[in-house]
1. Would you check which residues across the range B:31-46 are facing another protein chain (nearest Cβ under 10 Å) and closer than 16 Å to B:Phe97 by Cβ and list them?
2. Would you check if A:Phe74 is among the hydrophobic types (A, V, I, L, M, F, W, C) and facing another protein chain (nearest Cβ under 10 Å)?
3. Residues of the range B:41-55 being assigned to a loop (DSSP other than H, G, I, E, B) and in contact (Cβ under 8 Å) with a residue 12 or more places away in the chain, which ones?
4. May I ask you to list the residues in the range A:91-103 that are more than 8 Å from chain B (Cβ to nearest Cβ) and surrounded by 15 or more Cβ atoms within 10 Å (Cβ to Cβ)?
5. Quick one: which residue in A:Leu88, A:Leu41 is out of contact with any strand residue (DSSP E or B) (no Cβ under 8 Å at 6 or more places or on another chain) and within 14 Å of chain B (Cβ to nearest Cβ)?
6. Would you check if B:Tyr32 is modelled with pLDDT of 95 or more and either among the aromatic types (Phe, Trp, Tyr) or within 16 Å of A:Trp34 (Cα to Cα) (or both)?
7. Give me the residue from the range A:99-111 that is in contact (Cβ under 8 Å) with a residue 40 or more places away in the chain and not in a strand (DSSP E or B) and, out of that set, nearest to A:Arg36 (Cα to Cα).
8. I'd like the residue in the range B:68-97 that is of a type in the set (Ser, Thr, Tyr) and either at pLDDT below 95 or assigned to a strand (DSSP E or B) (or both) and, out of all such residues, is farthest from B:Cys22 (Cα to Cα).
Amino acid sequence: EAQVTQNPRYLITVTGKKLTVTCSQNMNHEYMSWYRQDPGLGLRQIYYSMNVEVTDKGDVPEGYKVSRKEKRNFPLILESPSPNQTSLYFCASSSRDSGLRKLFFGSGTQLSVL
Amino acid sequence: DAKTTQPPSMDCAEGRAANLPCNHSTISGNEYVYWYRQIHSQGPQYIIHGLKNNETNEMASLIITEDRKSSTLILPHATLRDTAVYYCIVRYNFNKFYFGSGTKLNVKP
């Protein structure tokens, strides 16, 4: 089954403790992206990647890092989380052949930073 | 940057057509308009996309104005399961997608 898998689904952590949210897709998609969703603000793009070793900033990249060492994986790294990074996070992927016309989303990761 | 504007919420009676408007007056000439929906806090799901012509698929129809500054998503026979937040999305700066705040559609019995 074609899917985007995020882990964990829920995460509670404390300020300053490094964490990684994983994202994996099994559709051989070139494009992958991370979003955060906060009440009343819709989804805002954090980082995206057009292919292995190619990443770029979205609209709200501060406090986040990403890496794309393999085509299927695109982890989101918070090296020193702060309470304002408490949010619902989504990973998405898409195919360049489709012109990025259809994004496939993961189920989300609810992060709470205390 | 390209942006979208949608009403924050709309109501629709079950079985009736739901018409969800979107303003995207800054869209560039070769960019598509996409519609997704999000049920509760699940990942958004693709509905439809279009460039200039009206489009229809098994889920919905998309009407784009001739000047491409606005569009309307039509759910022809809304059901309770269509209650969700609907996002009108534009792509900008090649690989970025702007979601906006969306429209919360409440389908009522």
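The values are calculated or read from the model by the stated rules, or taken from the named source; none is laboratory data. Model, not experiment: these values are computed from the prediction. Cβ coordinates were reconstructed from backbone atoms using ideal geometry, including for glycine residues, and neighbour counts include every protein chain displayed.
1. Selection gives B:Tyr32, B:Tyr34, B:Tyr36, B:Gln38, B:Gly43, B:Pro44, B:Gln45, B:Tyr46.
2. no
3. B:Pro44, B:Leu51, B:Lys52, listed by residue number.
4. Residues satisfying the conditions are A:Cys91, A:Ser93, A:Ser94, A:Ser95.
5. Numbers: A:Leu88 fails: out of contact with any strand residue (DSSP E or B) (no Cβ under 8 Å at 6 or more places or on another chain).
Being out of contact with any strand residue (DSSP E or B) (no Cβ under 8 Å at 6 or more places or on another chain) and within 14 Å of chain B (Cβ to nearest Cβ) holds for just one of A:Leu88, A:Leu41, which is A:Leu41.
6. Judged against the criteria, B:Tyr32 is not a match.
7. Here the residue is A:Gly108.
8. First, the residues of the range B:68-97 that are of a type in the set (Ser, Thr, Tyr): B:70-72, B:79, B:83, B:86-87, B:92.
Restricting the remaining residues to those that are either at pLDDT below 95 or assigned to a strand (DSSP E or B) (or both) gives B:70-72, B:86-87, B:92.
Details: B:Ser70: 6, B:Ser71: 5, B:Thr72: 6, B:Tyr86: 10, B:Tyr87: 9, B:Tyr92: 16 Å.
It comes out as B:Tyr92.
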